[in-house]
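Scroll down for the structure; my scribbles are underneath it.
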Amino acid sequence: MAVILATLCLLSCTFFLPSSASSTEFLQCLSQTIPADHMFQQSSSSFTSVLQSSIQNPKFATSTTVRPLCIVTASDASHVQSAVRCGHRHGVRLRVRSGGHDYEGLSYRSVQPEEFAVLDLAMLRGVRVRRGEASAWVDAGATLGELYYALGTANPGFAFPGGACATVGVSGFISGGGIGLMMRKYGVGGDNVLDARVVTAGGELLDRAAMGEDLFWAIRGGGGESFGVVVAWRLKLSKVPATVTVVNVWKSVDQGAADLLAKWETTILQPFLTDLTIRAVMQGNNTLFQTLYLGRCSKLVATMNSVFPELGTTAADCNEMTWLQAMAFVYFGRADAPAEGLLNRTNALGGPTLTYFKSKSDYARRAVGKAGWESIFRQHLSRNGAGLVILEPHGAAVGGPNTNATSPYPHRRGVLFNLQYGSMWWGEANGTAAATALGWLNGLYDFMAQFVSSNPREAFANYRDLDMGRNVVGGDDVSTYRSGRVWGERYFMGNFRKLAAVKARVDPSDYFRNEQSIPPLR
């Protein structure tokens with residue numbers, strides 16, 4: 001309880017700037033167009049609770065965090081349009097928050113002191129789906145868990161290839177490309193979007209036909225916050241069997257975890273195994289092999305005996321269930337987890353102990369090998385029980401023909417798997433424990449350079465990392481293309497230039513910007 005109260009105190013005294021004339025006019029404009037119960041100024045008694053409602057990393061809830069002028073909790077597209085028009089007219093930028101999982105907190109904070117407002121979409125979270133239909137309209141503020149629950153209850157037999165974390169916002173997931181549990185069969189999240197509704201910098205509400213194919217392409221994995229505010233997505237749904245199988249198997253270093261990873265990174269990624277996904281989570285001296293199979297246990301065991309017998313999967317390891325129940329199993333880690341739990345949007349500030357974290361990412365285009373995995377365990381993971389590495393297999397549909405035409409997500413042909421490195425700590429956001437955790441993470445990241453892609457060293461946009469670079473705003477109050485290339489070509493590779501060209505067309509004044517937004521190419 002003391003920790004929670006201390007955190008609330010920090011949030012209540014978060015750094016803020018005195019209001020300028022433009023910000024006063026902005027607030028007056030909002031008050032004329034936004035319902036009073038959807039607008040929270042700093043003087044509001046609910047301001048702090050609304051601000052912290054979707055903060056997923058308490059690292060950004062400190063006394064030095066720059067807080068917004070106000071928060072608009074939009075529940076209709078018209079609220080979004082009004083907020084954009086008022087902001088653009090009076091020179092106040094918006095930070096747009098869906099699920100609050102931005103790894104650097106840029107959806108609700110600014111690194112440098114500036115006047116801005118937060119447009120919170122948590123109230124805009126409807127899922128409109130009909131039984132038997134292969135598509136659904138999903139509002140931008142819905143979480144993956146809310147989407148999964150709606151599909152599993154209203155349209156069983158259909159699914160969306162989302163990620164493992166249920167509290168991630170659908171809009172944030174798609175706007176970064178979206179890697180997930182079934183992408184080897186159905187592609188990344190951005191590949192499965194049929195239409196969208198976006199509010200532009202001019203406040204217009206456009207669908208796919210009106211926005212043009214270049215903007216529609218850009219928002220499906222090019223960092224959606226750079227181009228406008230997506231308020232809804234029409235998603236393509238894919239058929240899944242009535243019964244799927246999930247398995248969690250832990251293996252220690254002494255049980256041959258390094259050997260198993262060496263086999264996993266080559267054999268299990270073959271294109272013909274699209275119904276089978278095995279992700280791996282390395283922590284300490286152990287590795288979790290988490291399997292999702294689109295079929296029954298008997299066929300899974302037969303397949304594993306054929307292609308990956310070393311893991312030793314048996315019928316006793318299997319958990320047969322519906323796809324919806326499987327998503328709960330993956331998120332909560334247990335077979336009896338209720339599907340209703342996927343609807344919980346509780347964030348990191350809701351527990352008795354605050355967990356701070358920092359992440360980085362890589363892509364592997366060649367096998368690490370047994371000796372490599374052993375060195376990673378021995379020199380790094382075994383020395384930090386709060387550090388982990390998550391491996392997400394690619395290949396098959398992710399690297400299929402013409403996939404770059406559907407989404408700017410570029411890490412496709414030749415990629416074996418994505419790596420996410422994470423380091424957690426407790427106590428204070430910036431104390432000794434933080435320095436130790438971050439030092440370990442940076443050491444691991446440097447060590448991994450020998451195993452991963454280079455020139456550029458690829459990174460995943462949804463695992464945002466400001467250590468890679470930040471935009472520089474030029475004298476014309478526009479982010480420079482040159483500064484954006486430093487980090488942008490690592491997230492988007494050859495697609496970065498095209499994204500910058502789209503930005504120049506739809507938002508040449510760079511209204512929608514943050515420290516790592518796409519700059520306009522002029």
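The values are calculated or read from the model by the stated rules, or taken from the named source; none is laboratory data. This structure is a prediction, so every number in the text was calculated from the model and none was measured. Counting neighbours? That spans all protein chains shown, and the Cβs are built from the backbone with ideal geometry, glycine included. Protein only, heavy atoms only, side chains kept; ligands, DNA and RNA dropped before computing areas. Shrake-Rupley method; radii C 1.70, N 1.55, O 1.52, S 1.80 Å.
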Note to self: Tell me whether the range 107-185 comes out rounded, prolate or oblate; compute the Cα gyration tensor, take square roots of the eigenvalues as a ≥ b ≥ c, and use a/c under 1.5 as the rounded threshold.
What the structure shows: prolate
Checklist line | Percent carbon-and-sulfur accessible area, the chain, ignoring ligands, DNA and RNA, probe 1.4 Å | finding: 52 percent
Next item on the list: Work out how far the C-alpha atoms of the range 244-352 reach from end to end along every principal axis, then list the three figures in whole Å, largest first.
Entry: 42, 32, 26
Item checked: 3J(HN,Hα) from dihedral phi, the range 94-99, Karplus parametrisation 6.51/-1.76/1.60, rounded to Hz, x for glycine, proline -> 10, 9, 9, 10, 9, x
Check: Calculated from DSSP H runs of 4 or more alone, at -39500 (n - 2.57) each and per residue, what is the 222 nm mean residue ellipticity of the chain, nearest 500?
Finding: -9000 deg cm²/dmol
Margin query: Between Asn442 and Arg365, what is the label-point separation in nm under the 7 Å Cα-to-beta-carbon projection?
Written below: 2.7 nm
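Stick to Cα atoms and the Kirkwood definition of Rh, then tell me Rg/Rh for the range 23-120.
Values: Rg = 12.5 Å, Rh = 13.4 Å.
Reported Rg/Rh, Kirkwood definition of Rh: 0.93.
Accessible area per residue for the chain in Å², computed with a 1.4 Å probe and the full protein assembly in place, what is it? All intermediate terms of the calculation are to be shown ahead of the outcome.
Details: 19230 Å² over 522 residues.
Heavy-atom accessible area per residue stands at 37 Å².
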Margin query: Amide H of Asp195 versus every other amide H placed in the peptide plane: which residues, excluding those fewer than 5 positions away on the same chain, fall under 5 Å?
Written below: Arg234
Note to self: Can you return the aspartates and glutamates within cross-link range of Lys358? Criterion is Cα-Cα under 19 Å, with same-chain partners fewer than 8 residues away left out.
What the structure shows: Asp102, Glu104, Glu392, Glu428, Asp446, Glu458, Asp465, Asp467, Glu515
Next item on the list: List the relative contact order of the range 348-435 as a percent without decimals, with contacts defined as Cα pairs under 8 Å and 6+ residues apart.
Entry: 44 percent
Next item on the list: Express the relative contact order of the range 23-120 as a whole percentage, based on alpha carbon pairs under 8 Å and six or more residues apart in sequence.
Entry: 36 percent
Check: How much length is gained on full extension from Ala405 to Ala154, taking 0.36 nm per residue of separation minus their Cα-Cα distance?
Finding: 87.2 nm
Notebook entry, point to check: Quick one: if you stick a label point 7 Å off each Cα along the C-beta vector at Glu25 and Arg334, how many nm between them?
Noted result: 5.7 nm
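Could you compute the FRET efficiency for Ser454 and Ser78, with r as their C-beta to C-beta distance and R0 at 56 Å, rounded to 0.05?
Result of the calculation: an efficiency of 0.75.
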Item checked: Relative contact order, percent, the chain [alpha-carbon distance under 8 Å, six or more residues apart] -> 15 percent
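Considering only Cα-Cα distances, which of the following residue pairs are longer than 27 Å: Lys360/Lys498; Lys236/Lys498; Lys263/Lys299; Lys59/Lys503; Lys185/Lys263?
Those over the limit are Lys59/Lys503.
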Note to self: I need two numbers for the range 203-247: Rg to one decimal and Dmax as a whole number, Cα atoms only, in Å.
What the structure shows: 15.5, 47
Next item on the list: Estimate the FRET efficiency between Thr33 and Ser509 by the formula 1/(1 + (r/R0)^6), using the beta-carbon distance for r and 22 Å for R0, to the nearest 0.05.
Entry: 0.55
Next item on the list: Could you check the simple spin-label distance between Ser45 and Asp195, using points 7 Å along Cα→Cβ, in nm with one decimal?
Entry: 4.4 nm
Checklist line | Average projected area [Cα convex hull, the chain], square nanometres | finding: 22.7 nm²
Next item on the list: In whole angstrom, note down how far apart the Cα centers of the range 398-477 and the range 168-182 are.
Entry: 16 Å
